[in-house]
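The values are calculated or read from the model by the stated rules, or taken from the named source; none is laboratory data. Being a predicted model, the structure only gives us computed values, none of them experimental. Neighbour counts run over all protein chains shown; Cβ positions are idealised from the backbone, glycine included. When the accessible area is computed, the model is the full protein with side chains, heavy atoms only, and any ligands, DNA or RNA have been set aside. Shrake-Rupley method; radii C 1.70, N 1.55, O 1.52, S 1.80 Å.
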Amino acid sequence: MQCQESKKILDAYVDNEVDVVQSAAFEEHLAGCPECAQTLESRRSLKDAMQNADLRYAAPPELVKSVRQQLRLPEEKSAVPKWNWNWFKSAAWGFAAATAMFALVAISLVWHFYTQQDQKMAALVVDGHVRSMQANHLVDVPSSDQHTVKPWFQGRVSFSPKLADFKDKGFPLEGGRLDYVDNKTAAAVVYKRNQHIINVFEYPGSGSSGIAEFQQRGYNVLHWTRDGMQFWVVSDLNESELRQFGELLRE
């Protein structure tokens, strides 16, 4: 490479804008040409000086004010940067969104957990209902008299079960028996609606006082908690009539 050719690519070489072949040829020429090597060092020094020097001039506030007055421009407003407020607004919205998302996830997890647990319990009481309709297992004390059925549970359970005869409402009492729900001893009180059996499982426990409805394997299920007692009502009776019975029992 001759000096004339090297001078054409010298600036590009300083800016790292030449390919490998040209760089190799240029560096080979520099090794034998002190003049071009000195020119290269001068260009590098000039580039470093321009990059490091503070070449920007900041006019004094008095000069800025005077020029603006002569040009009849309005006075400058406060120098508080707008981006600070925008940044805080963005951060606030981001924090609010993250908090809302966290709350939504937490609620979803809790709802999912309780829904799964309630569905599991609904399946268990349906199992108990189906077992009760096997031969000679529906009632241990067959009677339509609540004053006979209620005392029968004394000494067999640690609580006094809620029961009544709703014969005048179309839900006659059939009797009662001992049962087990989720490894807990439960009082099972049996009612009828025409030919439909209704099992009411009652045992101690806490939970929501509101009435919940489920469907399991073709059976309708009601559930609520009152005065520290869990109530599960199961039947193949239609939803409307079973709900009517549930309201009578809850009164």
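Subtracting the Cα-Cα distance of Ala59 and Ala25 from their residue separation scaled by 0.36 nm leaves 7.4 nm. Segment Asp227..Ser66, full-extension length gain: 49.6 nm, with 0.36 nm per residue of separation and the alpha-carbon distance subtracted. Distance between the 7 Å Cα→Cβ label points at Val14 and Cys33: 1.6 nm. Only protein atoms count toward the accessible area here, which uses a 1.4 Å probe; on the range 184-243, the carbon and sulfur part of that area reaches 43 percent. For the range 131-246, the relative contact order works out to 17 percent when only alpha carbon pairs closer than 8 Å and six or more residues apart are counted. Once you order the gyration tensor axes a ≥ b ≥ c over the Cα atoms, which shape class does the range 194-243 get: rounded for a/c under 1.5, otherwise prolate or oblate by comparing a/b with b/c? The shape class here is prolate.
Between the DSSP loop rule and a limit of at most 14 other Cβ atoms within 10 Å, which GluC sites (Glu not before Pro) in the range 1-41 are left?
Those that pass, being in a loop and sparsely packed, are Glu17.
For the set Lys65, Lys167, Lys47, solvent exposure ranked by accessible area (probe 1.4 Å, protein chains only) runs largest to smallest as Lys167, Lys65, Lys47. According to the square roots a ≥ b ≥ c of the eigenvalues of the Cα gyration tensor, what is the shape class of the range 124-251, taking rounded for a/c under 1.5, prolate for a/b larger than b/c otherwise, and oblate for the remainder? Verdict is rounded for the range 124-251. Say R0 is 30 Å: what FRET efficiency, to the nearest 0.05, do Ser143 and Gln116 get from their beta-carbon distance? Efficiency, from the Cβ-Cβ distance: 0.20.
Residue separation times 0.36 nm, minus the C-alpha to C-alpha distance between Asp236 and Gln215: what's the value?
Values: separation 21, 0.36 × 21 = 7.56 nm, distance 0.98 nm.
My answer for the length gained is 6.6 nm.
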